[in-house]
Structures are given as structure tokens and as C-alpha cells.
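The values are calculated or read from the model by the stated rules, or taken from the named source; none is laboratory data. All values reported here derive from a predicted model rather than from experimental measurement. Here the Cβ is made from the backbone with ideal geometry for all residues, glycine too, and neighbour counts use every protein chain on show.
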Ligand code: ATP
Ligand code: MG
């Protein structure tokens with residue numbers, strides 16, 4: 001009963017932000033400050049809701065691990081200071097570390113540049129029974145690399161392969177790979193934490209003002225901010241071309257951290273629940289083995 005209620009709430013919170021057919025998607029329709037029916041005053045209740053979600057997630061993960069059939073891949077993309085790290089930290093806080101792996105993808109190394117653009121990510125896919133998190137991903141190849149042509153130049157691609165269709169080709173390759181993964185038992189959920197330019201400025205200033213947050217500040221982030229509009233176009237195009245039923249995007253409002261975290265937790269709970277996970281059924285032979293073991297222990 002409790003579970004059903006929680007699942008219903010998880011859907012109510014995540015469905016409005018789910019995009020699985022990108023064709024009609026417009027970023028300007030997505031409000032970074034949206035909090036659905038919740039007000040700032042509901043923040044404490046929302047935090048309680050998050051706790052309930054995190055608990056449910058821990059139980060679902062235990063079943064995922066025991067059943068050992070599906071893997072779950074969660075991809076996070078966002079502009080700087082949109083709250084990826086915090087969302088990952090809070091949403092995954094209850095799960096068993098043995099069943100969860102986080103990978104962060106930064107500017108590629110020389111070795112990584114010597115391979116195709118999917119290589120470094122595909123090498124780190126979660127195993128069956130586990131949750132894998134990509135903090136940034138191959139989607140950077142259609143974002144930062146698109147905004148900065150010099151990064152594409154560094155990839156040493158044969159010139160005749162670099163045409164004006166390259167982004168569309170990358171989207172197509174990504175769609176195909178994600179469909180392949182789904183067909184192999186990897187459930188994918190993608191999160192674009194969508195913060196406003198104004199909120200980013202506020203968070204950068206906090207990083208400058210608060211000594212405990214100074215370490216998070218990087219002057220390069222301010223330089224990237226100058227390309228805001230180009231990034232937004234690239235993000236919109238990314239969602240339009242890669243949101244599919246098997247690998248939907250969640251365009252999550254990110255101006256209110258408490259709300260962002262709740263929506264992400266809700267979407268992950270919903271995703272795991274959709275797998276109808278159950279503990280492995282004990283076979284008759286296994287049952288006999290267990291009974292025999294009990295007799296030996298007791299005898
Ligand atoms: P984050 O910015 O994700 O919170 P961080 O500040 O610890 O993490 P950075 O050193 O800023 O790490 O690394 C992330 C940077 O790497 C981002 O600016 C991102 O655009 C860049 N990056 C990621 N993938 C690629 C890529 N394929 N090509 C070029 N740059 C990339
Ligand atoms: Mg950074």
C-alpha cells in the first residue's frame with residue numbers, strides 16, 4: 001500500500017519533466033524555477049519525501065542486485081553549478097556502495113582522444129545488477145565539443161568524415177547505442193539539470209564568498225558562461241534528437257536544489273519500479289539443499 005502511494009507520487013513528480021519524443025521539445029517551455037504544486041514553504045516536507053524516496057531506492061537496488069539481470073545507467077548533464085554533484089550525492093545516499101559505480105568524465109586524455117568518442121564511456125558501463133552513474137558523458141561530444149570547434153579538431157578525425165552533418169550523425173550513433181543497450185538489459189535514464197543563467201551567477205558568487213566553497217570555483221567556468229546561449233541551443237538539439245522511449249531525458253528544473261533532488265529521486269524510483277524486480281525464486285532443488293543445510297546445522 002505504502003509502496004503504491006510512493007510510486008504514484010514518484011510518477012506525479014517526474015512525469016511532467018520526462019521527454020521521450022524529442023521532436024516537439026522546446027527549451028523555452030521548460031522553466032528552471034518550476035516547482036509544480038510545491039511552494040518554498042513545502043521545502044521541509046519535500047525533504048521528507050526525498051528521504052522516503054531514498055529508502056525505497058535502497059530496497060529496489062537490493063532486488064536489482066539479487067536478481068542480477070538488469071543494469072541501470074543514470075546520465076547527468078548540466079551547465080556548471082546546476083547541482084549535478086549534490087543531486088548524485090543525495091539521491092544515491094541510501095544505496096549500497098557495492099551495487100553502485102560513479103564515473104565523472106572531464107576533458108579527454110590523450111589516450112581517450114585516440115579512440116572513438118563513445119569508447120571511454122562504454123568501457124565503464126554498469127554490470128548487470130548494478131547502478132552506474134555518469135557525471136557528464138558522451139553527450140559532451142554534442143555540447144562542449146560543438147560549442148568549441150577546437151575540441152573537435154583535437155580529435156584527429158579523418159577530414160572527410162567531418163562534415164556539417166557530424167552532429168546529426170553523433171545523435172544517430174548515440175540513439176543506436178542506447179537502443180542496443182536497452183535491448184541488452186541496460187535501463188537508461190538521462191537527466192539534464194536545467195538551471196537559469198541568473199541562478200548560475202548567484203551560485204558562482206556564493207562560491208567566491210564562502211571560504212568552504214572557494215575550492216569549487218574555477219575561473220574557466222566563468223569563461224564558459226559567456227557561451228551560455230550556444231550551450232542552450234546545443235542542449236535543446238541534444239534533447240530533440242536523443243529523447244526516446246527506451247532512453248528518455250528528464251529536463252529537471254534546477255533553480256531549487258530541494259526540488260531538483262526530489263524529481264531525480266522520483267524518476268529513479270519510477271525507473272527501478274518499472275523493472276518489476278523480484279528476488280530470485282528458489283527452485284525445488286535449491287529448496288531441498290537449504291532444508292538439508294538446516295538439518296545439518298541443527299543436528
Ligand atoms: P564538473 O564541472 O562536472 O562539476 P569538475 O569541475 O570537477 O566537474 P572539470 O575539470 O571542470 O571538472 O571537468 C569538466 C569539464 O570537462 C567540463 O567543462 C566539460 O565540458 C569538459 N569535458 C567533458 N567531456 C569533454 C569532452 N569530450 N571534450 C572536451 N571537454 C570535455
Ligand atoms: Mg567544472
- prompt: Can residue 157 be described as touching a helix residue (DSSP H, G or I) at 6+ places or on another chain (Cβ under 7 Å), free of Cβ contacts under 8 Å to residues at least 40 places away in the same chain and over 26 Å from residue 31 (Cα atoms)?
  reply: no
task: Would you please name the residue that is farthest from residue 170 (Cα to Cα), looking only at residues in the stretch 220-232 that are away from ligand 1 (no atom under 11 Å from the Cβ) and free of Cβ contacts under 8 Å to residues at least 12 places away in the same chain?
output: 226
field: Residues that are in a loop (DSSP other than H, G, I, E, B) and over 29 Å from residue 265 (Cα atoms), drawn from the stretch 141-163
entry: 148, 154, 155, 156, 157, 158, 162, 163
message: Which count do you get for residues in the stretch 44-75 that are exposed (fewer than 15 other Cβ atoms within 10 Å of the Cβ) and closer than 16 Å to residue 254 by Cα?
response: 1
- line: Taking first residues from the stretch 274-292 that are on the phi < 0 side of the Ramachandran plot and second residues anywhere that are in a loop (DSSP other than H, G, I, E, B), the pairs with Cβ under 6 Å that are 6 or more apart or on different chains are 275/70
task: Please enumerate the residues belonging to the stretch 171-191 that are over 16 Å from the mean Cα position of the chain (by Cα) and more than 13 Å from residue 241 (Cα to Cα).
output: 177, 179, 180, 183, 184, 185
message: Looking at the stretch 130-140, can you tell me whether even one residue there is under 19 Å from residue 186 (Cβ atoms), at pLDDT 95 or above and assigned to a helix (DSSP H, G or I)?
response: yes
query: Identify, please: which residue in the stretch 109-125 is touching a helix residue (DSSP H, G or I) at 6+ places or on another chain (Cβ under 7 Å) and touching a residue at least 24 places away in the same chain (Cβ under 8 Å) and is, among those, nearest to ligand 2 (Cβ to nearest atom)?
result: 117
